[in-house]
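A.B. asks: Dropping a structure here in structure tokens format, bear with me for questions.
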Amino acid sequence: MSIKKISIITVVIAFATGFYFLNTATSKTRKDKFHTEEEIAALKDRFKRAPIEAGEYFLHSSHCSGCHGYDSIQQANILEDGSDVNLVDRWQTSMMALSAKDPLWRAKVSHEITINPGHAGELQNKCTSCHAPMGRYTAMFHGQQYYGISDLENDSLGLDGVACGSCHAISPSVGSTFSGEIPYDTNHVEYGPFGSPFTGPMELYEGITPVFSNHVSQARMCSSCHTLITQTADLSGNLTGGEFVEQATYHEYLNSSYNGTSTKCQSCHMPKLSEPVVIANGILSLQGRFPFNQHTFAGANYFMLNLIKNNKAALGINADDAKFDSTLLATSNMLKFQSLDINLFLDSTINDTAYFRVKLKNKTGHKFPSGYPSRRAVVQFVVTGTTNDTLFKSGLFGNDYRVVGESNQFEGHHNTINQNNVPQIYEMVMGDVNSNVTTVLERAANPLKDNRIPPLGFTTSHSTYDTVKIVGSAYTDPDFNKTNSVEGSGEDYVHYHVPLNGFNGSIMAKAKVYYQSVPPKYLDEMFALNTTPINTFKTMFQNADQTPFLVGADSLSNLITGIANQSASGINVWPTISMDGKVFVSAPYGELIKNIEVYSSSGAKVNAIYNTAYQSEFNFFLPNARGVYYIKIRTGNKITTKKVVKS
């Protein structure tokens, strides 16, 4: 395309909108600043289109991508270092964007309507309210009673998932309606977080007026879909009049210390950038906006994102692998660094038993895990001896990624575990009208278990507690969300009593937490049925990498068991109980002490002493804190560990 043609288009655009896409005075000398031919073609195509038609309420995300997507001239949607942060690319591979094409969701809808075909219309209408809101609400505004999968398949708005208008058209009244009842503003406005929005381009070319409202930056923006209450049906498909809370992530947030603070849902799932960002392409006069929330929408569903990436062609998804990889990285970082802290402690090794504690601290603003009922966290705890022989194991996975030792129905909550292959699993388990485990959402009547770790500040006296209950033995666990009987710690301790059976020597303990968003056990009931959506997802699932996601880990090493013969090595350490902290060490005649390392009872190294003179006798002081210490002494090629108490 010639410079003359580009300039003509530029003038037309400038004349029509009152601003400049390009500065034609400099464009002749800065050809790198020209729009590409593809962009010019897209702009010309846009001029042919009328703004949003009368009687319509939403626009496809493609209408937004021209200004809020990638800018080839690198003037907008980038940081000072050149990093591209455009909204569309970040959103495109999120579970929000993929919600209507999610093969697990499609299979689950098929599962529900196969079990209760008489409720097919209502079930699909409810499910599409949140997974395909623009399509479903357009149908509703046009008087259509039900909007189902067959409607979705032929509707570009529905297939757009939770797209731009799905959120930005939500009215400021949001926060009091749930279960997919979204209060949309139908006056052709879209709300944003920045004051004095530049309205011209959107009004002229899209027929929509951008409006400032602070509700866009508040947690209630997410409430309509992230609180879902379903109606209960019995095993014959008859509604009982009862209800079941399928998820209440928003209510979990309200029942936390973060409610009322500057930490909102957006703080983690749409993290702010530290510098202003120009948020629309082609407007040279537009100033950077701050704070700018990235549209990454990172959550915890690493497994499904990876499955969808590997099946994107079959699912009709047109997004580069690099964009998926960016979202996968953000999701991985969310799970590893913003979800949970894990710490392992050794309390004592007495009576031929090692007593450990695993501390889990929820770092999120809701339960961990939260959301859809399939999600679970599994604690894995393993103790090994000096030759790497396993002395104790709990929470291991089999070759099929099922938890070894898990109860056939469901695994109860444990405060103390003292037997091999008894796992600790944090999850919500649904029960039907007969109190049997079910994964059919419409059959869910009451939770049989909910020991998901609450957020900081969570209490049973909060007004939302009826929707976010602790269910099962976790409720009476003195360590669960309590410190000295006071609620709100956002923590849990799991105690492991490991029988040593006379083992002599040092031991190592490892604690890990794994996350499963789609555990195989949860799919058994659905996979017993035979429908096209179920079979499609089943094939994808069986071919997927089902490895559970490692959220965090901690370990302790070189722990003396207290059973070994203290004099067998010939190394003497005294006194074993030191009042002032001074400790003496001596080696047998002919052996020289090279160095000494001191470990706390938790296994952390607290001191290292190097005997540069290589004496056979040596003394040193323990740290100031009282407690049990393990002294690791190296003589020649031999290492001896002794236990000393500072009283």
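The values are calculated or read from the model by the stated rules, or taken from the named source; none is laboratory data. Note that this is a predicted model, so its numbers are computed, not measured. All Cβ positions, even for glycine, are placed from backbone atoms using ideal geometry, and neighbour counts span all protein chains on display.
A.B. asks: Among the residues of the stretch 316-342 satisfying the criterion of being among the acidic types (Asp, Glu) and assigned to a helix (DSSP H, G or I), which is surrounded by the most Cβ atoms within 10 Å (Cβ to Cβ)?
C.D. replies: Of all residues in the stretch 316-342, those among the acidic types (Asp, Glu) come to 320-321, 325, 341.
Subset that is assigned to a helix (DSSP H, G or I): 321, 325.
Values: 321: 12, 325: 14.
Looking at residues that are among the acidic types (Asp, Glu) and assigned to a helix (DSSP H, G or I), I get 325.
A.B. asks: Please work out which one of (1) out of contact with any Leu (no Cβ under 7 Å at 6 or more places or on another chain); (2) more than 26 Å from residue 341 (Cα to Cα); (3) hydroxyl-bearing (Ser, Thr, Tyr) is the condition residue 435 fails and give its number.
C.D. replies: Failing condition for residue 435: (1).
A.B. asks: Between a residue in the stretch 411-434 that is more than 16 Å from residue 509 (Cβ to Cβ) and any residue that is modelled with pLDDT under 95 and small (Gly, Ala, Ser), which pairs come within a Cβ distance under 9 Å, given they are 6 or more apart or on different chains?
C.D. replies: Once the first residue is more than 16 Å from residue 509 (Cβ to Cβ) and sits in the stretch 411-434, no partner that is modelled with pLDDT under 95 and small (Gly, Ala, Ser) comes close enough.
A.B. asks: How many residues does the stretch 279-315 contain that are of a type in the set (A, V, I, L, M), surrounded by fewer than 20 Cβ atoms within 10 Å (Cβ to Cβ) and modelled with pLDDT of 95 or more?
C.D. replies: Qualifying residue count, the stretch 279-315: 3.
A.B. asks: Right, next: Just name the residue that is farthest from residue 342 (Cα to Cα) out of those in the stretch 372-402 that are of a type in the set (Lys, Arg) and not in a strand (DSSP E or B). If you could, list the steps in order and put the result at the bottom.
C.D. replies: So in the stretch 372-402, the residues of a type in the set (Lys, Arg) come out as 375-376, 393, 402.
Narrowing the set further to residues that are not in a strand (DSSP E or B) leaves 375, 402.
Working: 375: 19, 402: 22 Å.
Among residues in the stretch 372-402 that are of a type in the set (Lys, Arg) and not in a strand (DSSP E or B), the one farthest from residue 342 (Cα to Cα) is 402.
A.B. asks: A further question follows. Using beta carbons and a limit of 6 Å, which pairs, at least six apart or on different chains, have the first residue in the stretch 192-212 and part of a strand (DSSP E or B) and the second one surrounded by 14 or more Cβ atoms within 10 Å (Cβ to Cβ) and acidic (Asp, Glu)?
C.D. replies: The qualifying pairs are 209/203; 210/190.
A.B. asks: While we're here: In the stretch 343-358, what residues are of a type in the set (S, T, N, Q) and in a strand (DSSP E or B)? First the steps, then the outcome.
C.D. replies: Residues of the stretch 343-358 that are of a type in the set (S, T, N, Q), as a first pass: 343, 348-349, 351, 353.
Within the stretch 343-358, 343, 348, 349, 353 meet the criteria.
A.B. asks: Could you check the stretch 529-555 and list, in sequence order, the residues that are closer than 30 Å to residue 343 by Cα, of a type in the set (D, E, K, R) and either outside the structural domain of residue 403 (by TED's automatic domain parsing) or buried (at least 17 other Cβ atoms within 10 Å of the Cβ) (or both)?
C.D. replies: The one that is closer than 30 Å to residue 343 by Cα, of a type in the set (D, E, K, R) and either outside the structural domain of residue 403 (by TED's automatic domain parsing) or buried (at least 17 other Cβ atoms within 10 Å of the Cβ) (or both): 554.
A.B. asks: Would you point out which residue out of 208, 170 is more than 30 Å from residue 261 (Cβ to Cβ) and not basic (Lys, Arg)? Full working, then the answer.
C.D. replies: On the way: 170 fails: more than 30 Å from residue 261 (Cβ to Cβ).
Answer to the check: 208.
A.B. asks: Tell me which of these residue 482 doesn't satisfy, since it passes every other one: (1) without any contact (Cβ under 8 Å) to a residue 60 or more places away in the chain; (2) basic (Lys, Arg); (3) touching a strand residue (DSSP E or B) at 6+ places or on another chain (Cβ under 8 Å).
C.D. replies: (3)
A.B. asks: Of the residues 450, 432, which single one is among the acidic types (Asp, Glu) and under 25 Å from residue 254 (Cβ atoms)?
C.D. replies: Values: 432 fails: under 25 Å from residue 254 (Cβ atoms).
None of the other options fit; the residue is 450.
A.B. asks: Can you tell me which of (1) surrounded by fewer than 20 Cβ atoms within 10 Å (Cβ to Cβ); (2) not in a strand (DSSP E or B) is the one residue 510 doesn't meet?
C.D. replies: Looking at each condition in turn, residue 510 falls short on (2).
A.B. asks: Just one of (1) modelled with pLDDT under 95; (2) buried (at least 17 other Cβ atoms within 10 Å of the Cβ); (3) within 30 Å of residue 74 (Cβ to Cβ) trips up residue 345, so point out which.
C.D. replies: For residue 345, the failing item is (3).
A.B. asks: Could you tell me whether the stretch 112-131 includes any residue that is crowded, with 16+ Cβ neighbours inside 10 Å, outside any loop (DSSP other than H, G, I, E, B) and without any contact (Cβ under 8 Å) to a residue 12 or more places away in the chain?
C.D. replies: First pass over the stretch 112-131, keeping only residues crowded, with 16+ Cβ neighbours inside 10 Å: 112-116, 119-120, 122-131.
Restricting the remaining residues to those that are outside any loop (DSSP other than H, G, I, E, B) gives 112-115, 119-120, 122-131.
This time we only want the ones that are without any contact (Cβ under 8 Å) to a residue 12 or more places away in the chain, so: 113.
Checking the stretch 112-131: at least one residue is crowded, with 16+ Cβ neighbours inside 10 Å, outside any loop (DSSP other than H, G, I, E, B) and without any contact (Cβ under 8 Å) to a residue 12 or more places away in the chain.
A.B. asks: Limited to the stretch 353-410, what total is found for residues that are in contact with a Lys or Arg (Cβ under 7 Å, 6 or more places away or on another chain) and either under 17 Å from residue 422 (Cα atoms) or free of Cβ contacts under 8 Å to residues at least 12 places away in the same chain (or both)?
C.D. replies: Total satisfying the criteria: 4.
A.B. asks: Another one. Provide a single number: the residues in the stretch 415-438 that are surrounded by 15 or more Cβ atoms within 10 Å (Cβ to Cβ) and not in a strand (DSSP E or B).
C.D. replies: Selection size over the stretch 415-438: 8.
A.B. asks: Take the residues of the stretch 61-102 that are in a loop (DSSP other than H, G, I, E, B) and among the charged types (D, E, K, R): which is nearest to residue 292 (Cα to Cα)? Walk me through it before giving the result.
C.D. replies: Here is the first cut: in the stretch 61-102, the residues in a loop (DSSP other than H, G, I, E, B) are 61, 69-77, 79-83, 85-86, 93-102.
Now restrict to residues that are among the charged types (D, E, K, R): 71, 80-81, 101-102.
On the way: 71: 17, 80: 14, 81: 16, 101: 28, 102: 28 Å.
So the residue we want is 80.
A.B. asks: Here is a further query. Step by step: first the residues of the stretch 526-565, then only those that are assigned to a strand (DSSP E or B) and of a type in the set (Gly, Ala, Ser), then the one that is modelled with the lowest pLDDT. Which residue is that? Give the derivation first.
C.D. replies: Step one: list which residues in the stretch 526-565 are assigned to a strand (DSSP E or B), which gives 549-560.
Checking which are of a type in the set (Gly, Ala, Ser) leaves us with 552-553, 555, 557.
Numbers: 552: 98, 553: 97, 555: 95, 557: 89.
The residue in question is 557.
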